[in-house]
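These notes concern the structure reproduced below.
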Amino acid sequence: MRALRLTAWGETPAPTEVERPVPHGTEVLVRVEAAGLCRSDLHVIDAAPGTLPYRLPFTLGHEVAGRVAALGPGADGVGLGERVVVHGPWGCGSCARCAAGHDNYCDRRDTLAWHGAGLGRDGGMADYLLVASARHLVPIGDLPADQAAPLSDAGLTSYHAVAGLRPALGEDTTAVVIGVGGLGHLAVQILRATTASRVLAVDVREDALALADRSGADFGTLLRPDTARALRARSGDVGADAVLDFVGTARTLELAAGVLRPGGALALVGSGGGSLTVAKPGVLPPGFRLSLPFWGARQELAEVVALARSGALHVEAERFPLSAAPEAIDRLRRGAARGRTVLVPD
Ligand code: FEH
Ligand code: ZN
Ligand code: ZN
């Protein structure tokens, strides 16, 4: 089968021929229909030797949808031919967090040589993906694969970030989304579908603001020196009850700190390398709360899929054949990707 294998740190992987896995025990083999490309894939490819606990080589792809192709003799909970999306964070499988489907917060994370599918373990940028158990699979019915795959990371990460902020987002509140890319455009839709808040969007590209508008944002603005003032004006001059920063640079964190309402909450999702000084006294508003959400739980993925199947979520997806993965990776790296890039086995 074809697979996009990371064989050396710092080298863009190319599709190569590897043996198709055979499921044993509780394992399930999935015929991949789509695999999303994530900025984290760039971080993995570019990682200096020794900075990640992963052992080379492995197949990339942590945002995967497909159809059950084969079952191990002990596999249970999914049927042959069933279409599924893969819950990508794979923990130890036996701690209290993993047992509850919260592999994203596995208690033994620091002892593992992986973070999940395509992250130290063979992932889904391939014709087939082997998962250890059906517990990693969520049924998607007739949801198109290029809509379903991005739900498992871009959608789930955004949904989990919003879930932590939801108590602050009742009537007459304001949520600000910084960065309207693969995750941000879904966060706008999830905020509109699951909270009463007004949604304001910030990006550096006009076409991203157009995507925010299509996704249901009440207002969008380019990142400028006066953006905090413009956002405050749209919040009734009290500031934002919540900010979701999908970029995470010094500049976006400064904007977040400058626009948050007293008692406001910041969810830092993007790995842009920025930092924020938390001190008393300091620049942050009283009652400031910070979360660093990572991916999401299996049950949350089922909720995201249900939202998508209800028509509340639309993924702006750009499809590329798996054979063109190097070009797609380069396009994401150049900042030329629009919405979420999805690789389709060809
Ligand atoms: C995966 C592995 C490490 C860091 C971040 C990620 C995210 O892309 C998963 O949502
Ligand atoms: Zn990711
Ligand atoms: Zn665990």
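Once Lys and Arg get +1 and Asp and Glu get -1 on their Cβ, which of CYS106, ALA14, PRO285 lies farthest toward the positive end of the dipole of the chain? Farthest towards the positive end: PRO285.
What number, in percent, do you get for the relative contact order of the chain if the mean sequence gap of Cα pairs under 8 Å and at least 6 apart is divided by its residue count?
Values: 838 pairs, mean separation 64.7, N = 346.
Relative CO of the chain lands at 19 percent.
At 25 °C and a viscosity of 0.890 mPa s, what translational diffusion coefficient does Stokes-Einstein give for the stretch 210-346, taking Rh as the Kirkwood radius over Cα pairs? Give it in µm²/s as a whole number.
Using the Kirkwood radius from Cα pairs, D works out to 140 µm²/s.
Taking the square roots of 5 times each eigenvalue of the Cα gyration tensor of the stretch 88-246, largest first, gives ellipsoid semi-axes of 34, 18, 14 Å.
R0 = 35 Å: FRET efficiency of ARG108 with ASP172, Cβ-based, nearest 0.05? The partial results should precede the final answer.
Values: r = 43 Å, r/R0 = 1.23.
Plugging the Cβ-Cβ distance into 1/(1 + (r/R0)^6) gives 0.20.
At R0 = 35 Å, how high is the FRET efficiency between VAL22 and SER94 if r is their beta carbon distance? Nearest 0.05 is fine. Efficiency computed from Cβ-Cβ geometry: 0.90. Pick out, from ALA126, ALA308, TYR54, the residue whose Cα sits farthest towards the positive end of the charge dipole of the chain, with +1 on the Cβ of Lys and Arg and -1 on the Cβ of Asp and Glu. Checking the options against the dipole of the chain, the answer is TYR54. With 0.36 nm allotted per residue and the present C-alpha distance subtracted, the ARG205-ALA306 stretch has 33.3 nm of extension available. Its relative contact order, with pairs defined as Cα atoms under 8 Å and 6+ residues apart, puts the stretch 22-105 at 33 percent. This model, with +1 at the C-beta of Lys and Arg and -1 at the C-beta of Asp and Glu, gives the stretch 215-346 a dipole about its Cα centre of some 240 debye.
Separation of the stretch 236-269 and the stretch 277-346, taken as the distance between their Cα centroids, equals 18 angstrom. Using C-alpha pairs under 8 Å with a sequence gap of at least 6, the mean separation divided by the residue count of the stretch 85-141 gives a relative contact order of 35 percent. For the chain, a simple Cβ point-charge model (Lys and Arg +1, Asp and Glu -1, everything else neutral) yields a dipole of about 540 debye relative to the Cα centre.
Counting Lys and Arg as +1 and Asp and Glu as -1, each charge on the Cβ, what is the dipole of the stretch 156-220 about the Cα centre in debye, to the nearest 20? Walk me through the numbers before you get to the answer.
Details: 5 positive and 7 negative charges, 40 e Å.
Once rounded to the nearest 20, the dipole reads 200 debye.
Shape summary of the stretch 127-204, radius of gyration then Dmax from alpha carbon positions: 14.9, 48 Å. Once amide H atoms are placed 1.01 Å from N in the peptide plane, what residues at a sequence separation of 5 or more from GLY116, or on another chain, have their amide H within under 5 Å of its amide H? Here the answer is TRP90, ARG121, since their amide H atoms fall under 5 Å of that of GLY116. Over every Cα atom in the chain, the radius of gyration and the widest Cα-Cα span, Dmax, amount to 19.8, 61 Å. Rg over Rh for the stretch 1-149 works out to 0.95, both radii taken from alpha-carbon positions and Rh defined as the Kirkwood radius.
Take the Cβ-Cβ distance between ASP76 and GLU327 as r, set R0 to 35 Å, and report the resulting FRET efficiency rounded to the nearest 0.05. Provide the component values of the computation, followed by the final result.
Numbers: r = 40 Å, r/R0 = 1.15.
It comes to 0.30.
Counting only Cα atoms, the size of the stretch 263-344 along its three principal axes is 54, 34, 19 Å, in decreasing order. Each part reduced to its alpha carbon centroid, the stretch 128-164 and the stretch 77-103 end up 10 Å apart.
Bear in mind that the values in this text are calculations on the coordinates, not laboratory data. Computed from a predicted structure; not experimentally measured. Note: ideal-geometry Cβ built from the backbone for every residue, glycine included; neighbour counts use all protein chains shown.
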